[in-house]
Amino acid sequence: MAKSVKLADIAKEMGVSVVTVSKALSGQKGVSEQMREKIIKLADKLGYVQPSVAKKRAQITSYNIGVLIREGYLGGYSSFYWQMYQQVARSCVDRGSFSMLEVVTSVMEKDSILPMIVSESKIDGLIVIGALSDAYITFLQRQLNIPLVFMDFMDKKQATDVVISDSYYGGYYMTDYLIRMGHKNIAYVGTVGNTGSITDRYLGYMKALLEHGIPLKKEWIIDDRDDSGEYIDEENKMILPKEMPTAFFCNCDLTAGMLIKKLHKAGYAVPEDISVVGYDDFIYPGLCDIGITTYAVDIDEMSSVCVDNLIKKMSGQKGGAAVSVIEGKMVIRESVRKIK
């Protein structure tokens, strides 16, 4: 075990008194700024930790936190969940804990194979980012004897902690914005029923239409992915309607970017001919050459709440299953044109 660095060690190397070192590190008067800077640099180099900080660190229990993400959410353009995992990992480090990511393959889901981080008891708690199949979640829950939190996905069948974006009101705000920009013919792009977030954003879209007395047209509800929910399918889904709307609300920015490409191929300009809005505030670099007006998910806050909730459960704090809904914000860019 490495020997802890003391004030006397720094004082000896600097050729000054312990009192001088103490004043320099605590910000007290009586030390020149030049000397203070030298002492601080040496303290950092030697790895000196102030007693108050060391005591605080000693009080923190370190946990190993597992994270599961379905493989389809990390392939191709779909790296939004990779960004989400990175923020979860940072939140774990900030709390003195470690994160371990394992990707859930289609074979694992189909054949009910436990993740290694679970089967080999490598973790103290688990975070599932994004949706997994109902059957696999049920299987996973039966095998787990550690706390679990869902992130960006809500499983109504299982009583556990959930942290989600405010998809319902996010969808409402985006649609209401289009209406305030003069649009009454607005389509929704997203396979309704595929995930809870897609459905909630659709319901927010419906609420805005209802409040403004705009009728809902079934032909303007457009699928964007297959039944598995893993892949956004530009070629076989996202079929443009015969009667075109003046605006599209897409359930995510990835869908919005692909739709804009499809519109360009069909001879439409965005936003001159048709306006498009998305959701998430994340799009793969190079997919779209126009800034998309969107609803930004607060990934930082979602990650912090998720990790905090899991640590509370791991530390034995009591409390029932909770649903934490994290509000985002609208980000206005150039993909919407105001019309009369």
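The values are calculated or read from the model by the stated rules, or taken from the named source; none is laboratory data. This is a predicted model, so every value here is computed, not measured. Note that we place each Cβ from the backbone using ideal geometry, even for glycine, and neighbour counts take in every protein chain shown.
Does Gly96 qualify as being in contact with a strand residue (DSSP E or B) (Cβ under 6 Å, 6 or more places away or on another chain) and either at pLDDT 90 or above or in the same structural domain as Asp253 (by TED's automatic domain parsing) (or both)? Working first, answer last.
On the way: in contact with a strand residue (DSSP E or B) (Cβ under 6 Å, 6 or more places away or on another chain): no; either at pLDDT 90 or above or in the same structural domain as Asp253 (by TED's automatic domain parsing) (or both): yes.
Judged against the criteria, Gly96 is not a match.
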For this session: Report the residue count in segment 192-226 for those that are assigned to a helix (DSSP H, G or I), of a type in the set (A, V, I, L, M) and at pLDDT below 95.
Result: 1
Problem set entry | Tally of residues being surrounded by fewer than 24 Cβ atoms within 10 Å (Cβ to Cβ) and in contact with a Lys or Arg (Cβ under 8 Å, 6 or more places away or on another chain) across segment 246-268 | 1
For this session: Could you run through segment 233-259 and say how many residues are within 21 Å of Gly196 (Cβ to Cβ) and of a type in the set (Asp, Glu)?
Result: 2
Problem set entry | Selection within segment 285-319 - under 24 Å from Leu178 (Cβ atoms) and assigned to a loop (DSSP other than H, G, I, E, B) | Leu287, Cys288, Asp289, Ile290, Gly291, Ile292, Val297, Asp298
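Right, Leu203: farther than 21 Å from Tyr81 by Cα, aliphatic (A, V, I, L, M) and either surrounded by 18 or more Cβ atoms within 10 Å (Cβ to Cβ) or more than 19 Å from the chain's Cα centre (by Cα) (or both) or not?
Details: farther than 21 Å from Tyr81 by Cα: yes; aliphatic (A, V, I, L, M): yes; either surrounded by 18 or more Cβ atoms within 10 Å (Cβ to Cβ) or more than 19 Å from the chain's Cα centre (by Cα) (or both): yes.
Against the criterion (farther than 21 Å from Tyr81 by Cα, aliphatic (A, V, I, L, M) and either surrounded by 18 or more Cβ atoms within 10 Å (Cβ to Cβ) or more than 19 Å from the chain's Cα centre (by Cα) (or both)), Leu203 qualifies.
Kindly provide the set of residues from segment 227-249 that are touching a residue at least 12 places away in the same chain (Cβ under 8 Å) and within 21 Å of Arg70 (Cβ to Cβ), ordered by number.
Start the filter on segment 227-249 by keeping residues that are touching a residue at least 12 places away in the same chain (Cβ under 8 Å), which leaves 227-232, 234, 237-249.
If the condition is that a residue be touching a residue at least 12 places away in the same chain (Cβ under 8 Å) and within 21 Å of Arg70 (Cβ to Cβ), then Asp227, Ser228, Gly229, Glu230, Tyr231, Ile232, Glu234, Lys237 are the ones that fit.
Considering only residues that are touching a Phe, Trp or Tyr at 6+ places or on another chain (Cβ under 7 Å) and either closer than 20 Å to Ser121 by Cβ or touching a residue at least 40 places away in the same chain (Cβ under 8 Å) (or both), which ones fall in segment 66-111?
Let us first name the residues in segment 66-111 that are touching a Phe, Trp or Tyr at 6+ places or on another chain (Cβ under 7 Å), namely 67, 69, 72-74, 77, 79-81, 83, 92, 97, 101, 109.
Result: Val67, Ile69, Gly72, Tyr73, Tyr77, Ser79, Phe80, Tyr81, Gln83, Cys92, Ser97, Leu101.
Please verify whether Thr191 is farther than 30 Å from Asp308 by Cα and touching a Lys or Arg at 6+ places or on another chain (Cβ under 6 Å), treating the condition exactly as stated. Break it down into steps so the answer makes sense when it comes.
On the way: farther than 30 Å from Asp308 by Cα: yes; touching a Lys or Arg at 6+ places or on another chain (Cβ under 6 Å): yes.
In short, yes.
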